[in-house]
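Visitor: Before I ask anything, here is the structure I am working with.
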Amino acid sequence: MRLRTIALNNLWRRKARAAFLVAGLLIGVGTVVALVSLTQSLTGQTKANLQSYGANIVVTPRAKGVALSYGGISVGALSLGRNAISEADLERIESIPARAGISVVSPELVGAVTVGGRRTLLLGVRPADQFKLKRWWSVDTGRQPANGHEIVAGAAAARTLGLRMGDFVRLGGRRFTVTGILRETGSQDDGLLIADLRAAQRILHQPGEVTLVEIAALYGGAPVERIAAQLAAALPGTKVTTMQEAVKSRTHAVDQFRSFSYAIVGVVIAIEALVVFVTMMGSVNERTHEIGVFRAIGYRRVHITRLVLIEAALASVVAGVLGYLAGMGTTYAVLPLVAGSAEVTWAPLLGPAAVALAVAIGAVASLYPALHAGKLDPTEALRAL
């Protein structure tokens, strides 16, 4: 009779103990699968959410500041014309090796203008890029600029200048319609008048020039430092600054959650191995006489050892499959409760990995009981018969 058949018969005859072994492995594997899939799903959602926090790379001309500032650089009227970035040079960004790791490139032109006798800042942008980059920007009433004759006013600028949606403003001899008021952000953005980039270039007499470029690099793609180095090489004469503290603080929570999950996985695996060890050791002790009979009829130590390991492997395969299904079911049930609209990240290799993990734990935890069974003296095992 083959060892596999004997092992199956042993598991079938001792259904309660086999069920306890499978349940112990199932719970452990299911917990590991749920934690890993939850971690992957939450990490994916977190990385997606991090993109809403804006730029993590800023490209500026190498210039000294004077009076007004925006985006970390000075925009005094005396220095703007001679210290700007050519918009044509930004095409080089498309050629850098790490371009796939960049989600948004938003060129901006900032300059001082006078409205109703009051001095304020005009920000020229590509509205679609800028509002995608700064997802916290929200037009309280109205909408973002749709052409070169419309502007949006920051909350503070609207109060200071007495602007409301539908008002007309003259900038550089041109009439602009206020199409919206930006919801208060608590930052310097509140004091801006926001117009289309081309319109701002005409008003400020800086055709084809921008003051700075804000770039959002994808999290999980190429390292931000590598992208910054490639940008610096592609745009000589500019200063490329990475928001190191912002990047680190945004990814720190993700790394902490992943480390915590893996620590729990380690503890669960250790407990699971202990359950298998105790169960298999108890099974071997209960079957001392049976093992003695096998030895007496000619089975060698290696056969007894393999028999115990095969039993553990068969139970582990069943537990691995059921544990994977239970873990994924738990993920689908729990994820909406902890992360709202987050989607489960499907990992094709997680199923085979769960089965392999169960078999590995079962084999390692059963190794000592199997060796112990193989070393039993047949005369001692048969003495009580």
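Visitor: Modelling each spin label as a point 7 Å along the Cα-to-Cβ direction, I'd like the Trp136/Ala23 distance in nm, to one decimal.
Guide: Distance between the two pseudo-spin positions: 5.1 nm.
Visitor: With N set to the number of residues, divide the alpha-carbon radius of gyration of the range 168-242 by 2.2 N^0.38 Å and report two decimals. Kindly include the intermediate steps, with their values, before the conclusion.
Guide: Working: Rg = 16.8 Å, N = 75, 2.2 N^0.38 = 11.3 Å.
So the range 168-242 has a normalised radius of gyration of 1.48.
Visitor: Please compute the modelled spin-label separation between Arg258 and Glu225, points set 7 Å along Cα→Cβ, answer in nm with one decimal.
Guide: For Glu225 paired with Arg258, the spin-label model returns 1.6 nm.
Visitor: Next question. Once the Cβ-Cβ distance between Val302 and Ala333 is put in as r, and R0 is 56 Å, what FRET efficiency do you end up with, to the nearest 0.05?
Guide: Details: r = 45 Å, r/R0 = 0.81.
In this case the efficiency is close to 0.80.
Visitor: Work out the FRET efficiency for Glu184 and Leu325 from their Cβ-Cβ distance, taking R0 = 45 Å, and round it to the nearest 0.05.
Guide: In this case the efficiency is close to 0.35.
Visitor: Trypsin sites (Lys or Arg not before Pro), restricted to the range 146-237: which are DSSP loop and have at most 15 other Cβ atoms within 10 Å?
Guide: Numbers: sites: Arg159, Arg164, Arg170, Arg174, Arg175, Arg183, Arg198, Arg202, Arg226; in loops: Arg164, Arg183.
Listed in order of number, the matching sites are Arg164, Arg183.
Visitor: Please figure out what share of the DSSP beta bridges in the range 76-215 is antiparallel and state it in percent, rounded to the nearest 5.
Guide: Taking every DSSP beta bridge within the range 76-215, about 70 percent pair in antiparallel fashion.
Visitor: Pull up the cross-link candidates among the aspartates and glutamates for Lys132, meaning alpha carbon to alpha carbon under 18 Å and not fewer than 8 places away within one chain.
Guide: Reachable aspartates and glutamates: Glu108, Asp140, Glu184, Asp189, Asp190, Asp196, Glu214.
Visitor: Right, here's the next one. Over the Cα atoms of the range 56-242, Rg to Rh with Kirkwood Rh, two decimal places?
Guide: That ratio is 0.97, to two decimals.
Visitor: Once you put a point 7 Å from the Cα of Glu290 and another 7 Å from the Cα of Arg14, both along the Cβ direction, what distance in nm separates them?
Guide: 0.5
Laboratory data are not the source of any read-out in this text; all were calculated from the coordinates shown. Being a predicted model, the structure only gives us computed values, none of them experimental. Virtual Cβ from ideal backbone geometry, glycine too; neighbours counted across all protein chains shown.
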